[in-house]
1. So what are the ³J(HN,Hα) numbers for the stretch A:107-120, from phi and the Karplus equation (6.51, -1.76, 1.60; θ = phi - 60°), rounded to whole Hz, Gly and Pro as x?
2. I'd like the carbon and sulfur percentage of the solvent accessible area for chain A, probe radius 1.4 Å, heavy atoms only, ligands and nucleic acids excluded.
3. Which one of A:Trp69, A:Pro79, A:Met43 has its Cα pushed farthest toward the positive end of the charge dipole of the stretch A:19-123, where Lys and Arg give +1 and Asp and Glu give -1 at the Cβ?
4. Grab the beta carbon distance between B:Cys61 and A:Asn57, set R0 = 45 Å, and tell me the FRET efficiency rounded to 0.05.
5. May I ask which residue of B:Phe84, B:Asn58, B:Ser32 lies farthest towards the positive end of the charge dipole of the stretch B:24-88, with charges of +1 (Lys, Arg) and -1 (Asp, Glu) on Cβ and the Cα centre as origin?
6. For a label point 7 angstrom out from the Cα of B:Arg70 toward its Cβ, which stretches of the stretch B:86-115 have the backbone nitrogen within less than 12 Å?
7. Could you tell me the total accessible area buried at the B-A interface, probe 1.4 Å, in square angstrom to the nearest hundred?
8. To the nearest 20 Debye, how big is the dipole of chain B about its Cα centre, given +1 on the beta carbon of each Lys and Arg and -1 on that of each Asp and Glu?
Amino acid sequence: MEQGLVVTQLDIQPGECIKVKGKILSDAKGFAVNVGKDSSNLMLHFNPRFDCHGDVNTIVCNSKEDGAWGEEDRKADFPFQHGDKIEICISFNELEATVKLPEVEFQFPNRLGMEKIEYLAVEGDFKVKAIKFH
Amino acid sequence: MAERFEIFNLNMKAGDTLKIKGKISEDADNFSINLGSSSSDLAFHFNPRFNESVIVCNSKCSKAWQSEHRDHHLCFSKGSSVKFTIEMREDKFQVKLPDGHEVEFPNRHSYSKISYMSVKGGFRVTSFKLD
């Protein structure tokens, strides 16, 4: 996936939230929102796939430690459509990360036990319009 | 000044407007918002200084600062939450300050695209938006 917006040297604490607003491209194959320490150490790789890597309409979540992917976690819901304008809200605590969308939310374990988020990156067919921290 | 945060692959073009909201820390001497292609090459360095009561603007080429512009209209204070609007045009950058006053700075190096942004010093960004 093509690398999109990257934000570094953040200081997001447990209970705080990162809101990413943007638009899913009309011909999107997939996109991902990554949060963690840096590009090699991710608390959460949140990767909705419309049609890529053999997956159709599936959300794949994973973590990455020292550059090595963990075990994939696939979600049953797929609340995304091509061309949608969406707002994704990511927060975390010592146990898990939570991704909130208007009608559904997903959890993923905080496998690396991260205590803050310093890195945010967006990849693939998603155009970021705004980012909020609070 | 400590690096507050950096954004890569921003993709801001002439005609785009960047809205930045944040909070100036109580003990800020100054802060800066920097736009360019990397930390060494900046099209626009926007640097309010509380100790001198001035806004300094400049550009940077291959790590070398160019000549400064100084504007003595400093209409915000330490500890306050503020919103800036930075409009990028082919010939200049135009910043709208919280009280409506505008600061202009020429697009000296004819940037057509800004891919890098950083914030340094006593300013914590709470949101940014690209229109």
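The values are calculated or read from the model by the stated rules, or taken from the named source; none is laboratory data. Just so you know, these numbers come straight off a predicted model, no measurement behind them. Neighbour counts are summed over all protein chains in view; Cβ atoms, including those assigned to glycine, are modelled from backbone coordinates with ideal geometry. All accessible areas refer to the heavy atoms of the entire protein, side chains included, with ligands and DNA or RNA removed. Shrake-Rupley method; radii C 1.70, N 1.55, O 1.52, S 1.80 Å.
1. Rounded to whole hertz, the list is 10, 9, x, 7, 4, 8, x, 5, 9, 7, 9, 10, 9, 9.
2. Numbers: 2820 of 6540 Å².
With neighbouring chains kept in place, the figure for chain A is 43 percent.
3. Final value for the positive-end residue is A:Pro79.
4. 0.40
5. Among B:Phe84, B:Asn58, B:Ser32, the one farthest towards the positive end of the dipole of the stretch B:24-88 is B:Asn58.
6. Counting backbone N atoms under 12 Å from the label point, the list is empty.
7. Details: alone 6490 and 7220 Å², together 12370 Å².
Interface area, both chains combined: 1300 Å², rounded to the nearest 100.
8. On the way: 19 positive and 17 negative charges, 58 e Å.
In total the dipole reaches around 280 debye.
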